[in-house]
1. For residues that are among the hydroxyl-bearing types (Ser, Thr, Tyr) and in contact with a helix residue (DSSP H, G or I) (Cβ under 8 Å, 6 or more places away or on another chain), scanning just segment 342-366, find the one that is surrounded by the fewest Cβ atoms within 10 Å (Cβ to Cβ).
2. Looking only at segment 352-372, decide whether some residue is touching a residue at least 60 places away in the same chain (Cβ under 8 Å), in a loop (DSSP other than H, G, I, E, B) and farther than 15 Å from ALA258 by Cα.
3. Suppose we filter ALA196, ALA211, ALA206 for residues that are touching a residue at least 24 places away in the same chain (Cβ under 8 Å) and assigned to a strand (DSSP E or B); which single one remains?
4. Can you pull out every residue in segment 327-338 that is surrounded by fewer than 21 Cβ atoms within 10 Å (Cβ to Cβ) and of a type in the set (A, V, I, L, M)?
5. Filter segment 55-65 down to residues that are crowded, with 19+ Cβ neighbours inside 10 Å and at pLDDT 90 or above, then give me how many there are.
6. Between residues in segment 43-66 that are under 22 Å from SER115 (Cβ atoms) and residues that are assigned to a loop (DSSP other than H, G, I, E, B) and not polar (S, T, N, Q), which pairs lie under 6 Å by C-beta distance while being six or more apart or on different chains?
7. Quick check: anything in segment 266-287 free of Cβ contacts under 8 Å to residues at least 12 places away in the same chain and either charged (D, E, K, R) or not assigned by TED's automatic domain parsing to the domain that holds LEU233 (or both)?
8. Just give me the residues in segment 290-305 being β-branched (Val, Ile, Thr), assigned to a strand (DSSP E or B) and surrounded by fewer than 16 Cβ atoms within 10 Å (Cβ to Cβ), in sequence order.
Amino acid sequence: MFNGFPSTVTPSVQLWNFARDNAGQLGQPNNQVALTDDCASTQIFYVGGSYYPVRVTLPTASADGKIINIRVELTGQVGTSTNGVWVFDTSATNAVGTPNLMAKIGTPGYMTFISVPYSIRGTSSTFSNYKWMVLSGSASSINSIGGFSGTSSAQFGENVVSGTNAFAAGSGNVCSSTSTMALGNGHTVSSIYGGAFGGSSNEVNASNATAIGGYYGTTNSVQFKTVFPGDSLGTFTGRGHLQAGILPLATQTTDATATALRSNSSTASTTNQLVLQNNSAMYVSGSIIANVTAAGNTAAWTFEAVIKRGATAASTVIVQSVINVVAQNTGATTWIVAVTADTTNGALRVTVTGQAATTIRWVAYLRSTEVAF
C-alpha cells in the first residue's frame, strides 16, 4: 500500500484530502476509501469538498488487537452535517452482503476502532473471524445504536456513551452523565459518578450510586445508595421489586436540636434518605456511631425497623422499630437516636439529637431488604 517505503516500515499517520471543491461529488456519494490490513494506525480525513460523506471500509483481515484512529476535520467550503466520514465493517454484512455501517464521524470528530476475534457456534461447526468494535470517540460521532461518546470517554461492545469521562463495556448500556460506568448488559447510568457492574438492565439514577449484579434493579434516585437486585423483573415483573440495599448517612450537630441524617449535605429530601417506592415495604437494620473530637464522648446504637408505603408518600408508616444502645460514655447519655416515617418524602427518617455547645459527628450505615408491587 505504501509505495516508496521499506516493506518493514508502515507510516503511523496517513492523510486523505477530500476538502477541495469537486463538482462531480456534489450530486452523488462516490468518495470511498478502502483501508488495507497494513494501513497506518492514524487516519486523518480533510472533508468539505462534497455534500456527501467519505465512505471508509475497515480492513478485512487485520491482526487481533489492531487499533485504527480516524480523525475528521472540515477544511473545505462545503460545510454540512452529513459530509463527515461514514465507517463500514466488511467483516460484518447485512442480508444482501453489503458491509454494515457501524459509525458516523462528524466534523470535527474522531473515533477509535479495534479488531477483535469472535466465534459463532453452529449445529456442527464453529465459525471464527475478526470484527471491528468501537473503542472510543468524540461527541460528534455516533455508532449504529445511537449517541456514542463524550469527551475522554470510551466503550467496548455496543453501548451509548455520551457522558464526559464515561466508560461502558458489554451491550446496550447507556452512560449519559459525567464519570459514569456500566459493565454488563442494558444498564442505564444517568447521574454523575454512578455505576452499574454486572447483571442486566439496572437503573442508576442518582449521583454516586451503584447497582451490582442482578436484573432490573434501581437506586430509586437516592444518592450514594448501593443496590443488589435479584431477578426483579422475572419474579415480580417490576423494577426494584426484589433487591437489597446499603446506604451511609451522616450529619454534624452542635446543639440539642433533632436533626435528620442524610446521604449528602443537603436538607432531608427524596434524594438523600432511604426512600421507598410506592406500594412497597422494607426491613431495615442499621448501626450508628457518634463521636466528639480528641477522644471525647462516644456512643453507638443499633436498630431494626419495618416500614411500608402505600400509593403515596403520605401513607408511609413504621410497622415497628427497636433501638439498642451498644455503648456510651457517661457524657453521652443524653444523646438520642430515633427512627420514624417521613410522610413528606416517603422515606425512613433517622433522627439524632445531640448536646448544647458540643460538636458531634454522627454516621449511620443502613442495610435494607426491599419488596414492592
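1. Our first condition is that a residue be among the hydroxyl-bearing types (Ser, Thr, Tyr); within segment 342-366, this holds for 343-344, 351, 353, 358-359, 365.
After this cut, where a residue has to be in contact with a helix residue (DSSP H, G or I) (Cβ under 8 Å, 6 or more places away or on another chain) as well, the list is 343-344.
Working: THR343: 15, THR344: 13.
So, considering only residues that are among the hydroxyl-bearing types (Ser, Thr, Tyr) and in contact with a helix residue (DSSP H, G or I) (Cβ under 8 Å, 6 or more places away or on another chain), the one surrounded by the fewest Cβ atoms within 10 Å (Cβ to Cβ) is THR344.
2. Here is the first cut: in segment 352-372, the ones touching a residue at least 60 places away in the same chain (Cβ under 8 Å) are 352-372.
Within this subset, residues satisfying the condition of being in a loop (DSSP other than H, G, I, E, B) are 354-359.
Then keep just the ones that are farther than 15 Å from ALA258 by Cα; that gives none.
No; the residues of segment 352-372 include none that is touching a residue at least 60 places away in the same chain (Cβ under 8 Å), in a loop (DSSP other than H, G, I, E, B) and farther than 15 Å from ALA258 by Cα.
3. Going through ALA196, ALA211, ALA206 in turn, just one is touching a residue at least 24 places away in the same chain (Cβ under 8 Å) and assigned to a strand (DSSP E or B): ALA211.
4. The answer is ALA327, ILE336, ALA338.
5. 2
6. LEU58/LEU35; PRO59/LEU35; PRO59/ASP37; ALA61/ASP37; SER62/ASP37
7. yes
8. From segment 290-305, those β-branched (Val, Ile, Thr) are 292-293, 298, 302; that's our starting set.
Restricting the remaining residues to those that are assigned to a strand (DSSP E or B) gives 298, 302.
Once the filter is applied, which keeps residues that are β-branched (Val, Ile, Thr), assigned to a strand (DSSP E or B) and surrounded by fewer than 16 Cβ atoms within 10 Å (Cβ to Cβ), segment 290-305 yields only THR302.
The values are calculated or read from the model by the stated rules, or taken from the named source; none is laboratory data. Keep in mind that this is a model prediction, so the values were computed, not measured. Cβ coordinates were reconstructed from backbone atoms using ideal geometry, including for glycine residues, and neighbour counts include every protein chain displayed.
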